[in-house]
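In what follows, a structure is listed as structure tokens, so that the remarks can point back to it.
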Amino acid sequence: MNLDFSDDQKFLQEEARKFLEKENSLLRNRKVLENQSHFDQELWTKIVMLGWTGIRIPEEYDGLGLGHLELCVIAEELGRFLAPVPFSSSVYLFTEAIIKYGSEEMKKDLLPRLVSGDVIGTLAVTEDLFAPSKDNIKLSCESGKINGKKIAVPDASIATHALVVAKSEKGICLQVADLSHEGVSIEHQENIDESRGHFSITFDGVDTQAIGDEISGWDIYESIINQAAVLFSYEQIGGSQASLDMAVNYAKERYAFGRPIGSYQAIKHKLADMYIALTLAKSNCYYAAWALSTDSADLPSASATARVSAIKAYQLCSQENIQTHGGNGFTWEYDCHMFYRRSKLLSLNLGSLSNWREKLVTSLEQSNIN
């Protein structure tokens, strides 16, 4: 079992890092926060032109036809530079669902347009303040029309289509909705990181296309989430690494009482704790990436393990980065708060830490039974 990336994948990661650094992705994120514009159109256009949106899309639909590992290295760099683009919503969630579960007609219609950027997708599942479950999905689907409201939908203001979890007479189903429909109403909802805007969507008799049948929707949704969890985890370790690097560099340069603060034991311990948490998360993410790329039966437990460790690592690293910077860490001018914001947002996307702990326990118990 090889848990490392190939030379080609490492080269792709290096080039992605150079591109995002050259494009001043961190500065773009700051401008998005200041202007409350929710994303950077110019950066998104350049990412589309590079072909990143088509990494996993087969060549017959104008994509690059690469694998999940290539997507993982891109995700890590997007997290490292806090790219203010709808990549996670459109690529990790929507595109992956169409590739794996969409009909041939749906693939021919949507996949080429996802590659070109003409279509941006998102996932609409949450309806209340509790974790989504089969029992609390109330948005209805009857004869292909959906009615109801979803909240906390990422990037909904710029998405053209949404994958909607709905309830039919037979069970939970998944429907693809065109958000340009006149029966769609979108409202902004404030969150801690406005570079990843979240919105509520109200559907009033909106025509949709089904993915799968009316009884397999929840299983498909769980499969999509397990895949996306690995990619979100890679974004989190990218952000964790950037936070650790910031803290280490500041500790070397900031002097107190004639010595760099990194020479003091209290700071050393903080940095060591950050490094240990990040290293553990990386090892779990590597295994989850292998499970994802090989379609292993271990994916549910591997993705949950990666998610739990990545959430904890990013929260710790972003918090301790602020503490290492002292008073400066709490100011708007320093970048620390942007990583803290993103860590908090990503810790709730796809479910909270406690949700993923429960998923991990459930998946391990199921493995023991089998």
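Computed from the coordinates by the stated procedures, all read-outs in this text should not be read as laboratory data. All values reported here derive from a predicted model rather than from experimental measurement. Cβ atoms come from the backbone with ideal geometry, glycine included; neighbour counts cover every protein chain shown.
Looking at Gly327, Phe39, Ser296, which one has the Cα that reaches farthest to the positive end of the dipole of the chain (charges on Cβ: Lys, Arg +1; Asp, Glu -1)?
Gly327
I want to verify a result. In a Gaussian network model of the chain, Cα cutoff 10 Å, which of these has the top mean-square fluctuation: Phe81, Phe94, Phe130?
Phe130
Counting Lys and Arg as +1 and Asp and Glu as -1, each charge on the Cβ, what is the dipole of the chain about the Cα centre in debye, to the nearest 20? Please list the in-between numbers first.
On the way: 35 positive and 50 negative charges, 297 e Å.
Around 1420 debye, computed over the chain.
With charges only on Cβ, +1 for K and R and -1 for D and E, what is the dipole size of region 121-215 about its Cα centre, in debye, rounded to 20?
That gives a dipole near 220 debye.
Could you please rank Thr305, Thr45, placing first whichever residue has the fewest other Cβ atoms within 10 Å of its Cβ?
The fewest-first ordering by Cβ neighbours comes to Thr45, Thr305.
If you take the alpha carbon radius of gyration of region 121-215 and divide it by 2.2 N^0.38 Å, what ratio comes out, to two decimals?
Scaled against compact globular proteins, the figure is 1.01.
Would you work out which of Gly148, Ala83, Leu271 lies farthest towards the positive end of the dipole of the chain? Charges go on Cβ: Lys and Arg +1, Asp and Glu -1.
Highest projection toward the positive end goes to Leu271.
Calculated from DSSP H runs of 4 or more alone, at -39500 (n - 2.57) each and per residue, what is the 222 nm mean residue ellipticity of the chain, nearest 500?
One gets -17000 deg cm²/dmol as the mean residue ellipticity at 222 nm.
Just to verify a number: FRET efficiency for Tyr334 and Thr294, C-beta to C-beta distance, R0 = 30 Å, to 0.05? Don't skip to the answer; put the middle values down first.
Details: r = 41 Å, r/R0 = 1.38.
It comes out at approximately 0.15.
Any chance you could check the Cα centroid distance between region 92-166 and region 7-59 for me, in angstrom?
The distance from the Cα centre of region 92-166 to that of region 7-59 comes to 23 Å.
Taking neighbour Cβ counts within 10 Å as the exposure measure, how do Cys72, Cys285 sort from fewest upward?
Exposure proxy ranking, most exposed first: Cys72, Cys285.
Do you know the relative contact order of the chain, to the nearest whole percent, from alpha carbon pairs under 8 angstrom that are 6+ apart? Don't skip to the answer; put the middle values down first.
Details: 677 pairs, mean separation 57.4, N = 370.
Computed over the chain, the figure is 16 percent.
For Glu253 and Arg17, FRET efficiency with R0 = 22 Å and r from the beta-carbon atoms, rounded to 0.05?
0.50
For the chain, modelled as a GNM with alpha-carbon contacts under 10 angstrom, which of Glu187, Glu320, Glu77 fluctuates the most?
Highest fluctuation among the options: Glu187.
Report the Cα centroid-to-centroid distance between region 325-351 and region 225-247 in angstrom, as an integer.
Cα centroid to Cα centroid, the span is 13 Å.
Taking the Cα centre of region 1-139 as origin and charging only Cβ (+1 Lys, Arg; -1 Asp, Glu), how large is the dipole, in debye to the nearest 20?
Values: 16 positive and 24 negative charges, 74 e Å.
Using Cβ point charges on Lys, Arg, Asp and Glu, region 1-139 gives about 360 debye.
GNM on the chain, C-alpha springs below 10 Å: top fluctuator among Gly171, Gly258, Gly205?
Maximum fluctuation in the GNM of the chain, among the listed residues, is at Gly258.
Decide, for region 7-116, between rounded, prolate and oblate: order the square roots of the alpha carbon gyration tensor eigenvalues as a ≥ b ≥ c, take rounded if a/c falls under 1.5, and otherwise choose prolate if a/b is larger than b/c, else oblate. Each step should come with its number before you reach the end.
Working: a/c = 2.33, a/b = 1.46, b/c = 1.60.
Because a/c hits 1.5 or more and a/b fails to exceed b/c, region 7-116 counts as oblate.
Which shape class applies to region 55-151: rounded if a/c is under 1.5, otherwise prolate when a/b exceeds b/c and oblate if not, where a ≥ b ≥ c are the square roots of the Cα gyration tensor eigenvalues? Write down the numbers at each step before the final one.
Details: a/c = 2.37, a/b = 1.36, b/c = 1.75.
The shape class here is oblate.
For the chain, list log₁₀ I(q)/I(0) at each q in 0.10, 0.11, 0.12 Å⁻¹, using the Debye formula over Cα point scatterers of equal strength and ignoring solvent, two decimals each.
Computed log10 I(q)/I(0) values: -0.61, -0.74, -0.89.
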